[in-house]
Amino acid sequence: MAEFDLVTEEWLRPRLDDGQTIEPMGLQGVLHRAGDITEIVVDFPTQAPALLRQVLLPVVVDALGAPTDRRAWGDRFSQGAFNEAELDKIDTYLEEHRPRFDLFHPETPFSQVAGLHTASGDIKGSGLLVAAEATGNNVPFFSARTEGDPPQLAPTEAALWLLHAHCWDTAAIKTGAFGDPMVKAGKTTGNPTGPLGQLGVVVPIGRTLYETLQLNIPIGVQGRLGTPQWRRRIGPQWESRTASGLLDLWTWQSRRIRLVPEQTPDGDRVTGVIVAAGDRLATTPDWEPHTAWRVDKPTKKAAKRAKPVPERPLRYTPGKAIWRGMSALLAVEAVDTAAFRSSELLDQISGLAADELIDDRYPLRAETFGVVYGNQSAIIEDVLHDMTPLPIAALRADADVRFAVLDATEQAEQLAQALNYLSADLRRASGLEPIPWDKGQRPGERLLYLLDSVVRRLLRGLQNISDAETLDRGLLAWEQEARRLALQVADSVHAAVPESVFAGRETRKPDGTTAAAYPLGVAVNDFSRRLDRILPRTTDER
(Lines give C-alpha, C1' and ligand atoms only; values in the text may rest on other atoms or scores of the structure.)
Protein backbone atom coordinates (compact mmCIF):
# COMPACT_ATOMS: atom_id res chain seq x y z
CA MET A 1 0.00 0.00 0.00
CA ALA A 2 1.30 3.44 -0.92
CA GLU A 3 2.65 5.68 1.82
CA PHE A 4 3.89 9.25 1.70
CA ASP A 5 4.62 10.94 5.03
CA LEU A 6 4.66 14.72 4.55
CA VAL A 7 6.57 15.13 7.81
CA THR A 8 9.72 13.43 6.56
CA GLU A 9 9.29 12.71 2.82
CA GLU A 10 11.21 15.16 0.61
CA TRP A 11 8.32 17.01 -1.03
CA LEU A 12 9.29 20.66 -0.39
CA ARG A 13 11.99 22.42 -2.40
CA PRO A 14 13.72 25.08 -0.30
CA ARG A 15 15.87 27.90 -1.65
CA LEU A 16 18.68 29.43 0.41
CA ASP A 17 19.65 33.09 0.60
CA ASP A 18 22.39 32.56 -2.01
CA GLY A 19 19.68 31.72 -4.54
CA GLN A 20 20.53 28.03 -4.70
CA THR A 21 17.84 25.40 -4.46
CA ILE A 22 19.01 22.66 -2.12
CA GLU A 23 17.87 19.07 -1.83
CA PRO A 24 14.12 18.69 -1.14
CA MET A 25 13.04 18.32 2.47
CA GLY A 26 10.05 17.19 4.45
CA LEU A 27 7.92 19.50 6.56
CA GLN A 28 9.99 18.84 9.68
CA GLY A 29 13.29 19.57 7.96
CA VAL A 30 12.00 22.82 6.46
CA LEU A 31 10.87 24.13 9.85
CA HIS A 32 14.20 23.17 11.41
CA ARG A 33 16.04 25.22 8.79
CA ALA A 34 13.48 28.01 8.42
CA GLY A 35 16.06 30.62 9.42
CA ASP A 36 18.30 29.67 6.47
CA ILE A 37 15.62 29.18 3.83
CA THR A 38 14.39 32.19 1.88
CA GLU A 39 11.41 30.53 0.18
CA ILE A 40 9.81 27.27 -0.90
CA VAL A 41 9.93 26.83 -4.66
CA VAL A 42 6.60 25.83 -6.26
CA ASP A 43 5.60 25.02 -9.83
CA PHE A 44 2.58 27.33 -9.94
CA PRO A 45 2.47 30.73 -8.18
CA THR A 46 -0.85 30.21 -6.40
CA GLN A 47 0.51 27.05 -4.76
CA ALA A 48 2.62 29.29 -2.50
CA PRO A 49 -0.20 30.82 -0.38
CA ALA A 50 -1.96 27.43 -0.34
CA LEU A 51 1.13 25.79 1.18
CA LEU A 52 1.58 28.67 3.63
CA ARG A 53 -2.02 28.62 4.88
CA GLN A 54 -2.87 24.93 4.66
CA VAL A 55 0.33 23.55 6.23
CA LEU A 56 3.17 25.82 7.36
CA LEU A 57 1.32 28.47 9.37
CA PRO A 58 -1.23 26.19 11.08
CA VAL A 59 1.46 23.69 12.15
CA VAL A 60 3.58 26.44 13.71
CA VAL A 61 0.67 28.23 15.38
CA ASP A 62 -1.05 25.08 16.64
CA ALA A 63 2.23 23.75 18.02
CA LEU A 64 3.58 26.97 19.54
CA GLY A 65 0.55 29.23 19.87
CA ALA A 66 0.26 32.78 18.57
CA PRO A 67 2.16 35.64 20.25
CA THR A 68 0.04 37.21 22.97
CA ASP A 69 1.18 40.80 22.38
CA ARG A 70 3.57 42.87 20.31
CA ARG A 71 6.45 42.42 22.72
CA ALA A 72 6.10 38.62 22.53
CA TRP A 73 6.02 38.87 18.73
CA GLY A 74 9.15 41.02 18.76
CA ASP A 75 10.99 38.47 20.90
CA ARG A 76 10.12 35.70 18.46
CA PHE A 77 11.01 37.72 15.39
CA SER A 78 14.40 38.80 16.73
CA GLN A 79 15.44 35.15 17.23
CA GLY A 80 15.84 34.66 13.47
CA ALA A 81 14.99 30.94 13.78
CA PHE A 82 13.04 28.56 15.98
CA ASN A 83 14.95 27.89 19.20
CA GLU A 84 15.57 24.41 20.58
CA ALA A 85 12.54 24.48 22.88
CA GLU A 86 10.27 25.51 20.01
CA LEU A 87 11.70 22.85 17.72
CA ASP A 88 11.07 20.23 20.41
CA LYS A 89 7.44 21.33 20.59
CA ILE A 90 7.09 21.24 16.80
CA ASP A 91 8.67 17.78 16.63
CA THR A 92 6.37 16.49 19.40
CA TYR A 93 3.36 17.99 17.63
CA LEU A 94 4.24 16.45 14.27
CA GLU A 95 4.85 13.06 15.87
CA GLU A 96 1.50 13.23 17.67
CA HIS A 97 -0.39 13.97 14.45
CA ARG A 98 1.85 11.99 12.12
CA PRO A 99 -0.85 9.60 10.82
CA ARG A 100 -2.84 12.61 9.63
CA PHE A 101 0.13 13.78 7.51
CA ASP A 102 0.33 10.64 5.40
CA LEU A 103 -0.90 11.48 1.92
CA PHE A 104 -2.13 7.92 1.28
CA HIS A 105 -3.11 6.75 4.76
CA PRO A 106 -5.99 4.22 4.48
CA GLU A 107 -8.01 5.83 7.31
CA THR A 108 -6.78 9.44 7.64
CA PRO A 109 -5.20 10.56 4.34
CA PHE A 110 -3.91 14.12 4.60
CA SER A 111 -6.52 16.73 3.63
CA GLN A 112 -8.76 14.04 2.14
CA VAL A 113 -11.69 11.77 2.97
CA ALA A 114 -10.77 8.11 3.30
CA GLY A 115 -12.80 5.82 1.08
CA LEU A 116 -14.49 8.70 -0.75
CA HIS A 117 -16.31 7.38 -3.79
CA THR A 118 -19.24 8.05 -6.06
CA ALA A 119 -22.36 5.94 -6.42
CA SER A 120 -21.24 4.98 -9.92
CA GLY A 121 -17.67 4.28 -8.87
CA ASP A 122 -16.33 6.80 -11.41
CA ILE A 123 -12.87 8.27 -10.88
CA LYS A 124 -11.68 11.33 -12.80
CA GLY A 125 -8.18 11.84 -14.16
CA SER A 126 -5.63 13.53 -11.91
CA GLY A 127 -5.62 16.57 -14.24
CA LEU A 128 -8.77 17.69 -12.42
CA LEU A 129 -6.48 18.95 -9.65
CA VAL A 130 -4.07 20.80 -11.93
CA ALA A 131 -5.11 24.35 -12.75
CA ALA A 132 -3.23 24.41 -16.05
CA GLU A 133 -4.58 21.09 -17.33
CA ALA A 134 -7.48 20.57 -19.73
CA THR A 135 -10.39 19.08 -17.74
CA GLY A 136 -14.11 19.43 -18.38
CA ASN A 137 -14.91 23.04 -19.23
CA ASN A 138 -11.47 24.21 -18.12
CA VAL A 139 -9.52 24.04 -21.38
CA PRO A 140 -6.46 26.32 -21.32
CA PHE A 141 -5.14 27.62 -24.63
CA PHE A 142 -2.21 25.71 -26.11
CA SER A 143 -2.61 22.84 -23.64
CA ALA A 144 -0.22 20.02 -24.53
CA ARG A 145 -2.45 17.41 -22.89
CA THR A 146 -6.09 16.37 -23.24
CA GLU A 147 -8.52 15.21 -20.58
CA GLY A 148 -8.15 11.66 -21.86
CA ASP A 149 -4.43 11.77 -21.15
CA PRO A 150 -4.21 12.75 -17.45
CA PRO A 151 -0.81 13.48 -15.92
CA GLN A 152 0.90 10.97 -13.66
CA LEU A 153 1.52 13.12 -10.59
CA ALA A 154 4.38 12.24 -8.30
CA PRO A 155 3.31 12.42 -4.64
CA THR A 156 5.34 15.63 -4.28
CA GLU A 157 3.28 17.23 -7.05
CA ALA A 158 -0.03 15.75 -5.94
CA ALA A 159 0.41 17.13 -2.41
CA LEU A 160 0.81 20.71 -3.66
CA TRP A 161 -2.09 20.45 -6.11
CA LEU A 162 -4.26 18.98 -3.36
CA LEU A 163 -3.63 22.07 -1.22
CA HIS A 164 -4.20 24.29 -4.24
CA ALA A 165 -7.62 22.73 -4.94
CA HIS A 166 -8.85 23.47 -1.42
CA CYS A 167 -7.87 27.12 -1.86
CA TRP A 168 -8.53 27.95 -5.52
CA ASP A 169 -10.76 25.29 -7.13
CA THR A 170 -13.30 26.40 -9.71
CA ALA A 171 -17.00 26.72 -8.90
CA ALA A 172 -20.21 25.20 -10.31
CA ILE A 173 -21.03 21.48 -10.58
CA LYS A 174 -18.98 18.93 -8.63
CA THR A 175 -19.08 15.16 -8.48
CA GLY A 176 -21.58 13.84 -5.94
CA ALA A 177 -19.96 11.83 -3.15
CA PHE A 178 -21.65 8.68 -1.90
CA GLY A 179 -23.02 9.37 1.58
CA ASP A 180 -23.68 13.05 0.95
CA PRO A 181 -27.46 13.66 1.31
CA MET A 182 -27.21 16.85 -0.80
CA VAL A 183 -26.30 14.93 -3.95
CA LYS A 184 -28.88 15.01 -6.76
CA ALA A 185 -28.49 12.92 -9.89
CA GLY A 186 -24.90 12.16 -8.94
CA LYS A 187 -23.91 15.84 -8.74
CA THR A 188 -23.75 18.79 -6.36
CA THR A 189 -24.53 22.23 -7.76
CA GLY A 190 -24.00 25.75 -6.54
CA ASN A 191 -20.45 25.22 -5.34
CA PRO A 192 -18.46 28.44 -4.88
CA THR A 193 -14.81 28.75 -5.77
CA GLY A 194 -12.19 27.92 -3.17
CA PRO A 195 -11.98 30.59 -0.45
CA LEU A 196 -8.81 32.24 -1.78
CA GLY A 197 -10.44 32.57 -5.18
CA GLN A 198 -12.81 35.11 -3.62
CA LEU A 199 -9.96 37.30 -2.35
CA GLY A 200 -7.11 39.43 -3.59
CA VAL A 201 -4.50 37.65 -1.49
CA VAL A 202 -1.64 39.73 -0.05
CA VAL A 203 1.18 38.06 1.88
CA PRO A 204 3.95 39.98 3.69
CA ILE A 205 7.31 38.43 2.81
CA GLY A 206 10.47 38.58 4.92
CA ARG A 207 14.13 37.80 4.32
CA THR A 208 13.77 34.17 5.37
CA LEU A 209 11.01 31.62 5.66
CA TYR A 210 11.15 32.00 9.45
CA GLU A 211 10.58 35.75 9.22
CA THR A 212 7.82 35.28 6.65
CA LEU A 213 6.04 32.88 9.00
CA GLN A 214 6.25 35.38 11.88
CA LEU A 215 5.05 38.24 9.67
CA ASN A 216 1.96 36.18 8.78
CA ILE A 217 0.89 35.27 12.32
CA PRO A 218 -1.71 37.64 13.83
CA ILE A 219 -1.04 38.77 17.39
CA GLY A 220 -3.40 38.11 20.29
CA VAL A 221 -5.73 35.66 18.56
CA GLN A 222 -5.73 32.97 21.25
CA GLY A 223 -9.49 33.29 21.64
CA ARG A 224 -10.24 32.54 18.00
CA LEU A 225 -7.69 29.96 16.88
CA GLY A 226 -10.02 27.00 16.43
CA THR A 227 -8.53 23.75 15.16
CA PRO A 228 -6.85 22.73 11.88
CA GLN A 229 -8.45 20.16 9.62
CA TRP A 230 -6.14 17.31 10.70
CA ARG A 231 -7.52 17.47 14.23
CA ARG A 232 -11.08 16.89 13.00
CA ARG A 233 -12.82 13.95 11.34
CA ILE A 234 -14.21 14.86 7.95
CA GLY A 235 -16.66 12.69 6.05
CA PRO A 236 -18.32 12.97 2.62
CA GLN A 237 -21.10 15.27 3.85
CA TRP A 238 -20.41 18.99 3.54
CA GLU A 239 -22.00 21.95 5.27
CA SER A 240 -22.27 25.72 4.92
CA ARG A 241 -20.88 27.40 8.01
CA THR A 242 -18.68 30.15 9.37
CA ALA A 243 -15.04 29.55 10.25
CA SER A 244 -14.61 28.58 13.91
CA GLY A 245 -11.22 30.26 14.09
CA LEU A 246 -8.01 31.12 12.31
CA LEU A 247 -6.70 27.56 12.03
CA ASP A 248 -10.05 26.40 10.66
CA LEU A 249 -10.01 29.22 8.10
CA TRP A 250 -6.44 28.54 7.01
CA THR A 251 -7.05 24.80 6.54
CA TRP A 252 -10.58 25.15 5.16
CA GLN A 253 -11.71 22.00 3.35
CA SER A 254 -13.62 23.53 0.46
CA ARG A 255 -13.72 20.19 -1.34
CA ARG A 256 -14.00 16.54 -0.40
CA ILE A 257 -11.07 14.89 -2.18
CA ARG A 258 -9.45 11.49 -2.51
CA LEU A 259 -6.24 10.89 -4.41
CA VAL A 260 -6.00 7.57 -6.24
CA PRO A 261 -2.41 6.35 -6.59
CA GLU A 262 -1.10 3.45 -8.60
CA GLN A 263 2.22 1.69 -8.85
CA THR A 264 4.20 2.58 -11.99
CA PRO A 265 7.76 1.82 -13.15
CA ASP A 266 8.66 5.27 -11.76
CA GLY A 267 7.12 4.55 -8.36
CA ASP A 268 3.79 5.59 -6.87
CA ARG A 269 1.94 8.07 -9.05
CA VAL A 270 -1.46 9.75 -8.64
CA THR A 271 -3.41 9.12 -11.82
CA GLY A 272 -6.97 9.46 -10.56
CA VAL A 273 -8.87 11.73 -8.20
CA ILE A 274 -12.34 12.34 -6.81
CA VAL A 275 -13.18 16.00 -6.20
CA ALA A 276 -16.59 16.46 -4.59
CA ALA A 277 -18.37 19.34 -2.88
CA GLY A 278 -16.79 20.55 0.35
CA ASP A 279 -17.63 22.99 3.11
CA ARG A 280 -18.93 26.37 2.01
CA LEU A 281 -17.69 29.44 3.83
CA ALA A 282 -20.86 31.31 4.76
CA THR A 283 -19.00 34.63 4.79
CA THR A 284 -15.42 35.82 4.64
CA PRO A 285 -14.73 36.94 8.23
CA ASP A 286 -13.52 40.49 8.73
CA TRP A 287 -10.51 39.02 10.54
CA GLU A 288 -9.31 37.22 7.38
CA PRO A 289 -5.63 38.28 7.55
CA HIS A 290 -4.55 37.85 3.93
CA THR A 291 -6.65 40.38 2.04
CA ALA A 292 -7.21 44.11 1.80
CA TRP A 293 -10.78 45.40 1.84
CA ARG A 294 -12.94 47.65 -0.27
CA VAL A 295 -15.18 49.81 1.89
CA ASP A 296 -18.55 50.50 0.30
CA LYS A 297 -20.13 53.88 0.84
CA PRO A 298 -23.16 53.48 3.10
CA THR A 299 -26.57 54.37 1.74
CA LYS A 300 -28.41 57.34 3.26
CA LYS A 301 -30.73 54.99 5.13
CA ALA A 302 -27.81 53.02 6.55
CA ALA A 303 -26.04 56.22 7.55
CA LYS A 304 -29.12 57.47 9.42
CA ARG A 305 -29.40 54.16 11.27
CA ALA A 306 -25.68 54.22 12.09
CA LYS A 307 -25.16 50.83 10.45
CA PRO A 308 -21.56 49.65 10.02
CA VAL A 309 -19.94 50.40 6.67
CA PRO A 310 -19.98 47.21 4.55
CA GLU A 311 -16.60 45.82 3.49
CA ARG A 312 -15.72 43.39 0.72
CA PRO A 313 -12.41 41.64 0.00
CA LEU A 314 -10.46 43.65 -2.54
CA ARG A 315 -9.89 41.78 -5.82
CA TYR A 316 -7.03 42.52 -8.20
CA THR A 317 -7.34 43.78 -11.76
CA PRO A 318 -5.69 41.67 -14.49
CA GLY A 319 -2.68 43.38 -16.05
CA LYS A 320 -2.39 45.95 -13.25
CA ALA A 321 0.82 45.92 -11.19
CA ILE A 322 0.28 45.82 -7.44
CA TRP A 323 2.06 49.14 -6.90
CA ARG A 324 -0.77 50.78 -8.84
CA GLY A 325 -3.05 49.82 -5.93
CA MET A 326 -0.72 51.11 -3.24
CA SER A 327 -3.43 53.27 -1.68
CA ALA A 328 -5.26 50.10 -0.62
CA LEU A 329 -2.16 48.41 0.82
CA LEU A 330 -1.29 51.51 2.85
CA ALA A 331 -4.81 52.15 4.20
CA VAL A 332 -3.80 51.06 7.72
CA GLU A 333 -5.83 53.55 9.75
CA ALA A 334 -9.59 53.21 10.05
CA VAL A 335 -11.21 56.32 8.61
CA ASP A 336 -14.96 56.59 8.06
CA THR A 337 -14.47 58.13 4.62
CA ALA A 338 -11.77 55.70 3.44
CA ALA A 339 -12.45 53.64 0.33
CA PHE A 340 -10.09 50.85 1.40
CA ARG A 341 -8.79 49.07 4.47
CA SER A 342 -5.45 47.35 4.38
CA SER A 343 -4.89 43.76 5.45
CA GLU A 344 -4.78 42.90 9.14
CA LEU A 345 -1.17 41.79 8.81
CA LEU A 346 0.07 45.01 7.18
CA ASP A 347 -1.82 46.99 9.80
CA GLN A 348 -0.12 44.87 12.44
CA ILE A 349 3.32 45.56 10.93
CA SER A 350 2.55 49.28 11.10
CA GLY A 351 1.95 48.98 14.85
CA LEU A 352 5.10 46.89 15.32
CA ALA A 353 7.15 49.54 13.54
CA ALA A 354 5.61 52.27 15.71
CA ASP A 355 6.75 50.29 18.78
CA GLU A 356 10.21 49.91 17.19
CA LEU A 357 9.88 46.12 17.17
CA ILE A 358 10.66 46.03 13.46
CA ASP A 359 13.01 48.50 11.80
CA ASP A 360 11.80 50.98 9.18
CA ARG A 361 14.64 49.78 6.95
CA TYR A 362 13.54 46.16 7.04
CA PRO A 363 13.27 44.93 3.39
CA LEU A 364 9.59 43.99 3.57
CA ARG A 365 7.90 42.83 0.39
CA ALA A 366 4.24 42.35 -0.40
CA GLU A 367 3.40 39.35 -2.59
CA THR A 368 -0.03 39.23 -4.15
CA PHE A 369 -2.05 36.43 -5.72
CA GLY A 370 -5.39 36.14 -7.45
CA VAL A 371 -7.31 34.05 -9.95
CA VAL A 372 -9.58 35.31 -12.72
CA TYR A 373 -12.44 32.88 -13.30
CA GLY A 374 -14.67 32.78 -16.34
CA ASN A 375 -17.96 31.21 -17.48
CA GLN A 376 -19.75 31.29 -14.10
CA SER A 377 -16.41 30.75 -12.31
CA ALA A 378 -16.26 27.23 -13.75
CA ILE A 379 -12.95 27.81 -15.56
CA ILE A 380 -9.68 29.55 -14.73
CA GLU A 381 -8.90 32.26 -17.25
CA ASP A 382 -5.86 33.87 -15.66
CA VAL A 383 -3.61 33.67 -12.62
CA LEU A 384 -2.39 36.94 -11.08
CA HIS A 385 0.90 37.13 -9.22
CA ASP A 386 3.09 40.08 -8.28
CA MET A 387 5.61 41.13 -5.67
CA THR A 388 6.73 44.62 -4.73
CA PRO A 389 9.02 46.20 -2.14
CA LEU A 390 6.96 47.86 0.59
CA PRO A 391 8.66 50.53 2.74
CA ILE A 392 7.57 49.96 6.32
CA ALA A 393 7.65 53.70 7.04
CA ALA A 394 4.93 54.10 4.39
CA LEU A 395 2.56 52.18 6.66
CA ARG A 396 2.45 55.13 9.08
CA ALA A 397 -0.18 57.71 8.27
CA ASP A 398 1.99 60.74 9.03
CA ALA A 399 5.28 59.57 7.49
CA ASP A 400 6.91 61.52 4.64
CA VAL A 401 7.75 58.21 2.98
CA ARG A 402 4.06 57.33 2.86
CA PHE A 403 3.23 60.58 1.04
CA ALA A 404 6.16 59.99 -1.30
CA VAL A 405 4.94 56.49 -2.22
CA LEU A 406 1.36 57.62 -2.81
CA ASP A 407 2.48 60.69 -4.77
CA ALA A 408 4.83 58.72 -7.02
CA THR A 409 2.29 56.02 -7.85
CA GLU A 410 -0.36 58.67 -8.51
CA GLN A 411 2.09 60.58 -10.74
CA ALA A 412 2.60 57.44 -12.82
CA GLU A 413 -1.16 57.14 -13.35
CA GLN A 414 -1.48 60.83 -14.23
CA LEU A 415 1.39 60.61 -16.74
CA ALA A 416 -0.33 57.68 -18.42
CA GLN A 417 -3.54 59.69 -18.62
CA ALA A 418 -1.67 62.69 -20.05
CA LEU A 419 -0.26 60.52 -22.84
CA ASN A 420 -3.72 59.15 -23.57
CA TYR A 421 -5.03 62.71 -23.84
CA LEU A 422 -2.20 63.56 -26.25
CA SER A 423 -2.99 60.52 -28.37
CA ALA A 424 -6.70 61.38 -28.42
CA ASP A 425 -6.01 64.99 -29.45
CA LEU A 426 -3.70 63.95 -32.30
CA ARG A 427 -6.12 61.31 -33.54
CA ARG A 428 -8.93 63.88 -33.59
CA ALA A 429 -6.65 66.21 -35.54
CA SER A 430 -6.25 63.40 -38.08
CA GLY A 431 -10.01 62.93 -38.31
CA LEU A 432 -9.98 59.73 -36.24
CA GLU A 433 -11.70 58.78 -33.03
CA PRO A 434 -9.61 58.25 -29.89
CA ILE A 435 -8.62 54.68 -29.04
CA PRO A 436 -11.40 53.20 -26.85
CA TRP A 437 -10.34 52.57 -23.26
CA ASP A 438 -11.21 48.87 -23.52
CA LYS A 439 -9.74 48.15 -26.96
CA GLY A 440 -6.25 48.26 -28.35
CA GLN A 441 -3.19 49.48 -26.50
CA ARG A 442 -3.14 53.12 -25.55
CA PRO A 443 0.19 54.91 -25.06
CA GLY A 444 -0.44 55.33 -21.35
CA GLU A 445 -0.23 51.55 -20.91
CA ARG A 446 3.13 51.52 -22.68
CA LEU A 447 4.39 54.15 -20.28
CA LEU A 448 3.18 52.26 -17.21
CA TYR A 449 5.05 49.20 -18.50
CA LEU A 450 8.25 51.25 -18.84
CA LEU A 451 7.75 52.84 -15.41
CA ASP A 452 7.24 49.50 -13.67
CA SER A 453 10.92 48.83 -12.95
CA VAL A 454 11.47 52.49 -12.06
CA VAL A 455 8.70 52.51 -9.46
CA ARG A 456 9.94 49.27 -7.92
CA ARG A 457 13.47 50.70 -7.74
CA LEU A 458 12.07 53.79 -6.04
CA LEU A 459 10.19 51.65 -3.51
CA ARG A 460 13.37 49.71 -2.71
CA GLY A 461 15.24 52.97 -2.29
CA LEU A 462 12.57 54.38 0.02
CA GLN A 463 13.16 51.43 2.36
CA ASN A 464 16.56 52.95 3.20
CA ILE A 465 15.64 56.64 3.50
CA SER A 466 17.03 58.22 6.68
CA ASP A 467 16.50 61.97 6.21
CA ALA A 468 14.46 64.53 4.29
CA GLU A 469 17.34 65.55 2.04
CA THR A 470 17.89 62.00 0.81
CA LEU A 471 14.15 61.63 0.26
CA ASP A 472 14.05 64.79 -1.86
CA ARG A 473 16.98 63.59 -3.98
CA GLY A 474 15.28 60.26 -4.53
CA LEU A 475 12.01 61.88 -5.60
CA LEU A 476 13.83 64.24 -7.96
CA ALA A 477 15.58 61.28 -9.59
CA TRP A 478 12.21 59.54 -9.91
CA GLU A 479 10.59 62.54 -11.59
CA GLN A 480 13.52 62.98 -13.97
CA GLU A 481 13.31 59.38 -15.16
CA ALA A 482 9.50 59.51 -15.31
CA ARG A 483 9.65 62.65 -17.50
CA ARG A 484 12.26 61.10 -19.78
CA LEU A 485 10.15 57.99 -20.35
CA ALA A 486 6.95 60.01 -20.81
CA LEU A 487 8.63 62.11 -23.52
CA GLN A 488 10.01 58.94 -25.11
CA VAL A 489 6.51 57.51 -25.47
CA ALA A 490 5.16 60.91 -26.60
CA ASP A 491 7.73 60.91 -29.43
CA SER A 492 6.39 57.57 -30.64
CA VAL A 493 2.84 58.99 -30.56
CA HIS A 494 3.95 61.99 -32.65
CA ALA A 495 5.70 59.71 -35.13
CA ALA A 496 2.52 57.73 -35.74
CA VAL A 497 0.41 60.67 -37.00
CA PRO A 498 0.54 62.22 -40.49
CA GLU A 499 1.95 65.69 -41.22
CA SER A 500 -1.57 67.01 -41.80
CA VAL A 501 -2.17 67.21 -38.06
CA PHE A 502 0.16 70.22 -37.88
CA ALA A 503 -2.70 72.53 -38.76
CA GLY A 504 -5.49 70.34 -37.46
CA ARG A 505 -8.67 69.51 -39.28
CA GLU A 506 -11.37 72.06 -39.89
CA THR A 507 -14.49 71.82 -37.74
CA ARG A 508 -17.69 73.80 -38.03
CA LYS A 509 -18.84 75.82 -35.03
CA PRO A 510 -22.54 76.17 -34.07
CA ASP A 511 -22.57 79.68 -35.63
CA GLY A 512 -21.46 78.29 -39.00
CA THR A 513 -17.85 79.49 -38.89
CA THR A 514 -14.93 77.11 -39.17
CA ALA A 515 -11.89 76.64 -36.94
CA ALA A 516 -8.87 74.36 -36.76
CA ALA A 517 -9.52 71.81 -34.04
CA TYR A 518 -6.76 70.06 -32.13
CA PRO A 519 -3.76 71.39 -34.10
CA LEU A 520 -0.39 69.88 -33.29
CA GLY A 521 0.87 72.92 -31.40
CA VAL A 522 -2.13 73.00 -29.07
CA ALA A 523 -1.92 69.26 -28.37
CA VAL A 524 1.81 69.43 -27.62
CA ASN A 525 1.44 72.51 -25.40
CA ASP A 526 -1.38 70.87 -23.45
CA PHE A 527 0.77 67.79 -22.93
CA SER A 528 3.73 69.90 -21.81
CA ARG A 529 1.60 71.78 -19.28
CA ARG A 530 0.30 68.51 -17.89
CA LEU A 531 3.86 67.21 -17.49
CA ASP A 532 4.87 70.33 -15.59
CA ARG A 533 1.89 70.05 -13.30
CA ILE A 534 2.43 66.33 -12.64
CA LEU A 535 6.22 66.51 -12.20
CA PRO A 536 6.86 69.88 -10.49
CA ARG A 537 10.42 69.03 -9.35
CA THR A 538 11.63 68.82 -12.97
CA THR A 539 9.89 71.94 -14.27
CA ASP A 540 12.91 74.22 -13.68
CA GLU A 541 15.25 71.82 -15.47
CA ARG A 542 13.65 72.11 -18.91
Members of region 355-376 that are within 18 Å of the chain's Cα centre (by Cα) and outside any strand (DSSP E or B): LEU364
Kindly indicate whether any position in region 424-441 is among the aromatic types (Phe, Trp, Tyr) and either more than 28 Å from VAL524 (Cα to Cα) or modelled with pLDDT of 95 or more (or both). no
So which residues in region 219-269 are part of a strand (DSSP E or B) and either charged (D, E, K, R) or free of Cβ contacts under 8 Å to residues at least 12 places away in the same chain (or both)? ARG241, ARG255, ARG256, ARG258, GLU262, ASP268, ARG269
When residues of region 184-200 are limited to those that are touching a residue at least 12 places away in the same chain (Cβ under 8 Å) and in a loop (DSSP other than H, G, I, E, B), the one nearest to TRP250 (Cα to Cα): GLY194
Write out, first by first residue and then by second, each pair whose Cβ atoms fall under 6 Å of each other, whose residues are 6+ apart or on separate chains, and whose first residue, in region 203-217, is at pLDDT 95 or above while the second is part of a helix (DSSP H, G or I) and of a type in the set (Lys, Arg). GLN214/ARG76
Leading residue by the ranking (surrounded by the most Cβ atoms within 10 Å (Cβ to Cβ)) among those in region 30-65 that are small (Gly, Ala, Ser), in contact (Cβ under 8 Å) with a residue 60 or more places away in the chain and more than 21 Å from PRO155 (Cβ to Cβ): ALA34
Please indicate, with yes or no, whether at least one residue in region 462-484 is over 19 Å from VAL401 (Cα atoms), in a helix (DSSP H, G or I) and of a type in the set (Ser, Thr, Tyr). no
Hey, does region 403-412 have a residue that's closer than 30 Å to GLY190 by Cβ and aromatic (Phe, Trp, Tyr)? no
Subset of region 213-235 (residues that are farther than 30 Å from GLU107 by Cβ, in contact with a helix residue (DSSP H, G or I) (Cβ under 8 Å, 6 or more places away or on another chain) and of a type in the set (S, T, N, Q)): GLN214, ASN216
For the structure I just gave you, tell me whether PRO151 is modelled with pLDDT under 90, assigned to a loop (DSSP other than H, G, I, E, B) and surrounded by 15 or more Cβ atoms within 10 Å (Cβ to Cβ). yes
Meets criteria (small (Gly, Ala, Ser), more than 30 Å from ALA66 (Cα to Cα) and surrounded by 23 or more Cβ atoms within 10 Å (Cβ to Cβ)) for ALA177: yes
Taking region 198-229 and keeping residues out of contact with any Asp or Glu (no Cβ under 7 Å at 6 or more places or on another chain), surrounded by fewer than 21 Cβ atoms within 10 Å (Cβ to Cβ) and among the small types (Gly, Ala, Ser) leaves GLY206, GLY223
On the basis of being in contact (Cβ under 8 Å) with a residue 40 or more places away in the chain and buried (at least 19 other Cβ atoms within 10 Å of the Cβ), does LEU87 make the cut? no
Among the residues of region 114-123, is any under 21 Å from HIS290 (Cβ atoms), touching a residue at least 12 places away in the same chain (Cβ under 8 Å), touching a strand residue (DSSP E or B) at 6+ places or on another chain (Cβ under 9 Å) and buried (at least 21 other Cβ atoms within 10 Å of the Cβ)? no
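The values are calculated or read from the model by the stated rules, or taken from the named source; none is laboratory data. All of these numbers come straight from a predicted model, not from anything done at the bench. Virtual Cβ from ideal backbone geometry, glycine too; neighbours counted across all protein chains shown.
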